[in-house]
Amino acid sequence: MASSKFSLAFFFVIFFLVLCFLPASVFGGRAAPAVRFTVQGRVFCDTCRAGFETPATTYIEGAKVKVECKAGDKICSYDGVTDNSGTFNILVEDEHEHEICEAMLVSSPDTECKTEVPGREKSRIVLSHNNGISSDTRFANALGFQKDTPLAFCSELMKIYSQDD
């Protein structure tokens, strides 16, 4: 009789241990999923030299862009190219919580629109999951090149943006 109580208690102890440690052993042996972000943005040609996007703005296909993350002397870089709508999607590996990351212009294939717009040549982005953003897609502000000479109708277009006193 004592033997059957002992074996029943032993069974429950073993059963309890299996229930506690089996899930830990199953999940503990798996590799953590790879952390990836997609940085998305657009590259425009400022045809009026306004310094921002206007109704006359065009978007550049084939512009080279990169995402660069820096922490002290450590720099990692990811390259991309814009599609026919001027949009880039750059895949970035790993968390970059303690790094400064920026999407930046590299070059324009448009020979008439190659000069970077001051202040629109790069855009800071946060590449960490420790910030309350649930999506893995991060959006960069639009990056821009400008024409050397504005289009003829731009002076009329820019009147829309002038302020009346």
Note down the nm distance, to one decimal, between modelled labels 7 Å out along Cα→Cβ at MET104 and at ASP148. 2.5 nm
For region 91-131, the Cα-Cα pair-distance distribution in 5 Å bins from 0, as whole percents, is 5, 19, 22, 17, 13, 12, 8, 3, 0
Under a cut-off of 24 Å between alpha-carbon atoms, report the lysines in cross-link reach of LYS114, not counting same-chain residues fewer than 8 places apart. LYS64, LYS66, LYS122, LYS147
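Where a number appears in this text, it was derived from the coordinates with a stated rule and is not lab data. Source: prediction; values computed, not measured. FYI the Cβ positions are ideal-geometry reconstructions off the backbone, even for glycines, and counts take in every protein chain you see.
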